[in-house]
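Have a look at the structure below before the remarks.
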Amino acid sequence: MRFLEPGGLELLRDMPALDSSTLDLDALARCAPGTLGHAYAAHLREGELDTDIFQPPPGLPLAIAYFAQRFRQCHDIWHVLTGYAPDVRGEILLQAFTHGQLGTPAPRLAAVVGALQWARKYPALPRDAYRAYRRGKAAQFLLSVRWEDLWDEPLEGLRERLNLGGRLAPVDAGAGVTTAVSPPLAAYQVTDHSVLLGLYRRVLWDRLVAHIPRGITPNTLTIAAQVLGGLSVGFALAASRGAHGLYAAAALCIFASLTLDNIDGAHARRTGQSSRRGELLDHGLDGLTSTSVLVSTGLLLHLDALWMGALCALGALTFAATFWEQSRTGVLILPAVGPTEGVSALVVVELLVAVLGDPAWLHLSRERVTPGAVLVLILVGVHAVALAPPLVRAHRQGVSLRGFAPLFSVVALLLGYGLMGASGPLVGGAIGVTCAHFVCGLVIARHRAKALDRQHSLDSPRSLFLALAPLALLLVIPRSATVATACAAASLALAAAAYAHTVRFGWHMLAPGDERL
């Protein structure tokens, strides 16, 4: 019995009630905005709901009668947690969710009959009801949760902890209803197989989070991470030109960037500041840090334009494919050897070069095979292999790869700058920023889409192709390394401008309190 899961026996022992004898709506309303207590009090008052109408069913054993009453008393808490509105459509979805939780026939019958009866008004309702069922099945068992101890918990963090997903999106045009996006296609879940992540959290990151002042917003940490990533490229560029000691500064900056990127979300949940804008900045800007790592690696190995372009193309495409899979399947899967391990390896090598000098064997050479050349081949091969799994997993779930094709085409064309001898950092930067722009569009599209199989056009923003405009000039003017470098710089500038415009658009669209989007 699921009632015997952790928490169920304690509830049966204490038999707490969720009625006027224990609930103080005024006190709950004073909880911080965004917490369970504040949202629950607002829900009860807006609906003018009475918490005393649910009595124990007569004629049942005490334990069964208590859980039956507790289930009814938790009904409105489930509305708040799932985001299903207290109307006909929302009630049908909650019944489907309940069937996923309990597996009993009554909510299944109510969900099936209701979805079919109202399908004419809400055409997507049968599909959404099935997703709500899958969402309930995937979530932690809610009936054994002691809600009385969680009134001050931020809703977003609570949803994540219970595997409910906290992002809201509209479902039916004109319905005036907002409901939570539900698994398996729309839940926001993360499966991180990183080898080093657990170690870093135990030793450093979890300890740092507890000491971050509440006055520092999570978005400040996110932006600071991107700034530090950019500084690391600047230091690596200077170090590659002879000032080897600056590799230490580059290593410090990129590791600090990794740290901030991994603690901003935890800080948001701890302080109740989780938001859709925070997700936009976190994932929408992660591509900049990824680009910084790839370009810094190329500078450390003294790669020419073609090899740096290839490394950045495969690395940035792998990053974009990972988030593209998440936008389509609802699950973000990070491999055992991923960003954390890549940054850690870069930091170690940069520190060694800063202390011991820049050995010739670490450089890529066209004349002879060097350890550096072998390392480059390994890096390119690893990224090439890592690009396939997200696309294959999505394809196996019936997702068309056409949504990823435009980005692949743009990156392949930008790689042409490398063949013409343009500056490697500019080629890598243009490719990386283009992929970051694509991922930012995915984040925005997920909030605008009615369903994940009908993504908004920002999945592949048309402005992605803006970066190709300078490349077209090379078809009509004499080509040289200098001209190619100038065109690569122009492509980078155009990609950055289009990217900034998309971020600005998303920032205004995801304004706090506007849940209609």
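So in the stretch 192-211, with the set limited to residues that are surrounded by 11 or more Cβ atoms within 10 Å (Cβ to Cβ) and not in a helix (DSSP H, G or I), which one is modelled with the highest pLDDT? By that ranking, first place goes to L196. Among the residues of the stretch 387-426, the ones that are aliphatic (A, V, I, L, M) and in contact with an Asp or Glu (Cβ under 7 Å, 6 or more places away or on another chain) come to 1 in all. Just checking, does the stretch 102-124 include any residue being assigned to a helix (DSSP H, G or I) and closer than 23 Å to T329 by Cα? No, every residue in the stretch 102-124 fails to be assigned to a helix (DSSP H, G or I) and closer than 23 Å to T329 by Cα. For the stretch 337-357, the tally of residues that are more than 22 Å from L288 (Cα to Cα) and outside any helix (DSSP H, G or I) stands at 1.
If you check V353, V411 for being at pLDDT 90 or above and farther than 30 Å from V331 by Cβ, only one passes: V353. Applying the set (1) modelled with pLDDT under 80; (2) buried (at least 20 other Cβ atoms within 10 Å of the Cβ); (3) among the polar types (S, T, N, Q) to S365 leaves exactly one unmet item: (2).
Looking only at residues in the stretch 123-146 that are surrounded by fewer than 20 Cβ atoms within 10 Å (Cβ to Cβ) and of a type in the set (F, W, Y), which one is farthest from I64 (Cα to Cα)? That would be Y130. Pairs meeting the criteria (first residue in the stretch 256-277 and not assigned by TED's automatic domain parsing to the domain that holds L231, second residue surrounded by fewer than 22 Cβ atoms within 10 Å (Cβ to Cβ) and modelled with pLDDT under 85, beta carbons under 9 Å, at least 6 apart or on different chains) are lacking.
Can we say C440 is at pLDDT 85 or above and closer than 24 Å to F404 by Cα? In short, yes.
Of the residues L414, L364, L379, the single one that is in contact with a Phe, Trp or Tyr (Cβ under 9 Å, 6 or more places away or on another chain) and within 14 Å of M308 (Cα to Cα) is L364.
Is one or more of the residues making up the stretch 313-329 outside any helix (DSSP H, G or I) and closer than 28 Å to V374 by Cα? For the stretch 313-329, residues outside any helix (DSSP H, G or I) and closer than 28 Å to V374 by Cα: absent. Within the stretch 243-253, is there a residue that is under 25 Å from the mean Cα position of the chain (by Cα), buried (at least 19 other Cβ atoms within 10 Å of the Cβ) and assigned to a helix (DSSP H, G or I)? The answer is yes; a qualifying residue exists. Looking at the structure I just gave you, is R393 closer than 30 Å to E160 by Cβ and at pLDDT 85 or above? Criteria met by R393. Of all the numbered requirements in (1) within 30 Å of A394 (Cβ to Cβ); (2) surrounded by fewer than 23 Cβ atoms within 10 Å (Cβ to Cβ); (3) not aromatic (F, W, Y), T291 misses one, and that requirement is (2). Determine whether the stretch 108-115 contains at least one residue that is under 21 Å from E156 (Cβ atoms), assigned by TED's automatic domain parsing to the domain that holds Y133, more than 29 Å from the chain's Cα centre (by Cα) and at pLDDT 90 or above. Looking for residues that are under 21 Å from E156 (Cβ atoms), assigned by TED's automatic domain parsing to the domain that holds Y133, more than 29 Å from the chain's Cα centre (by Cα) and at pLDDT 90 or above, one finds none in the stretch 108-115, hence no. Would it be correct to say that P86 is of a type outside the set (G, A, S), within 18 Å of G47 (Cβ to Cβ) and touching a helix residue (DSSP H, G or I) at 6+ places or on another chain (Cβ under 6 Å)? It is true that P86 is of a type outside the set (G, A, S), within 18 Å of G47 (Cβ to Cβ) and touching a helix residue (DSSP H, G or I) at 6+ places or on another chain (Cβ under 6 Å). For the stretch 40-88, the set of residues classified as exposed (fewer than 15 other Cβ atoms within 10 Å of the Cβ) and either among the acidic types (D, E) or outside the structural domain of T104 (by TED's automatic domain parsing) (or both) consists of E46, E48, D50, D52, D87, listed by residue number. If I go through the stretch 147-191 residue by residue, how many of them are of a type outside the set (V, I, T), over 19 Å from I444 (Cβ atoms), surrounded by fewer than 19 Cβ atoms within 10 Å (Cβ to Cβ) and at pLDDT below 50? So the count comes out to 5. Listed by first and then second residue, the pairs with beta-carbon distance under 7 Å, at least 6 apart or on different chains, first residue in the stretch 400-424 and surrounded by 14 or more Cβ atoms within 10 Å (Cβ to Cβ) and in a helix (DSSP H, G or I), second of a type in the set (D, E) and modelled with pLDDT under 90, are G403/D459; G424/D304.
Going through (1) surrounded by fewer than 21 Cβ atoms within 10 Å (Cβ to Cβ); (2) closer than 15 Å to L299 by Cα one by one, I378 falls short only on (2).
Residues in the stretch 349-360 that are in contact (Cβ under 8 Å) with a residue 12 or more places away in the chain and either charged (D, E, K, R) or surrounded by fewer than 19 Cβ atoms within 10 Å (Cβ to Cβ) (or both): V349, E350, L351, V355, G357, D358.
The values are calculated or read from the model by the stated rules, or taken from the named source; none is laboratory data. No experiment lies behind these values; they were computed from the predicted model shown. Here Cβ is always computed from backbone atoms with ideal geometry, including for glycine, and neighbour counts include all displayed protein chains.
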